[in-house]
């Protein structure tokens, strides 16, 4: 589906919670986080991540097309 030029300027925000995979080590998590930060910065995506040993709470925001692509 083609995207109109006006959609390129629409910002969206999404918040979700997920359960941590107990098999993912702290080293693995840090590598995933570093790659996500690099990719998100390149795509104009910002947000926040909260972790409490069992669950993640994340909010991401950015241009609609970039968020859709990320999902």
Pair list, Cβ under 8 Å, 6 or more apart: the range 30-43 residue at positive phi, other residue in a helix (DSSP H, G or I): none
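Looking at this structure, is residue 7 surrounded by fewer than 12 Cβ atoms within 10 Å (Cβ to Cβ), modelled with pLDDT under 95 and outside any loop (DSSP other than H, G, I, E, B)? I'd like the intermediate steps shown before the answer.
On the way: surrounded by fewer than 12 Cβ atoms within 10 Å (Cβ to Cβ): no; modelled with pLDDT under 95: yes; outside any loop (DSSP other than H, G, I, E, B): yes.
Against the criterion (surrounded by fewer than 12 Cβ atoms within 10 Å (Cβ to Cβ), modelled with pLDDT under 95 and outside any loop (DSSP other than H, G, I, E, B)), residue 7 does not qualify.
Can you name the residue in the range 10-47 that is in a loop (DSSP other than H, G, I, E, B) and surrounded by 12 or more Cβ atoms within 10 Å (Cβ to Cβ) and is also modelled with the highest pLDDT among such residues? Steps first, answer last, please.
Initial filter on the range 10-47 (in a loop (DSSP other than H, G, I, E, B)): 10, 20-25, 43-45.
Add one more test, that the residue is surrounded by 12 or more Cβ atoms within 10 Å (Cβ to Cβ), and what stays is 10, 20, 43-45.
Details: 10: 88, 20: 90, 43: 93, 44: 93, 45: 96.
So, considering only residues that are in a loop (DSSP other than H, G, I, E, B) and surrounded by 12 or more Cβ atoms within 10 Å (Cβ to Cβ), the one modelled with the highest pLDDT is 45.
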Breaking point among (1) out of contact with any strand residue (DSSP E or B) (no Cβ under 7 Å at 6 or more places or on another chain); (2) touching a residue at least 12 places away in the same chain (Cβ under 8 Å), for residue 25: (2)
Residue within the range 55-64 that is in contact with a helix residue (DSSP H, G or I) (Cβ under 8 Å, 6 or more places away or on another chain), without any contact (Cβ under 8 Å) to a residue 40 or more places away in the chain, surrounded by 14 or more Cβ atoms within 10 Å (Cβ to Cβ) and assigned to a strand (DSSP E or B) present: no
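The values are calculated or read from the model by the stated rules, or taken from the named source; none is laboratory data. Quantities reported herein were computed from a predicted structural model and do not represent experimental measurements. Cβ coordinates were reconstructed from backbone atoms using ideal geometry, including for glycine residues, and neighbour counts include every protein chain displayed.
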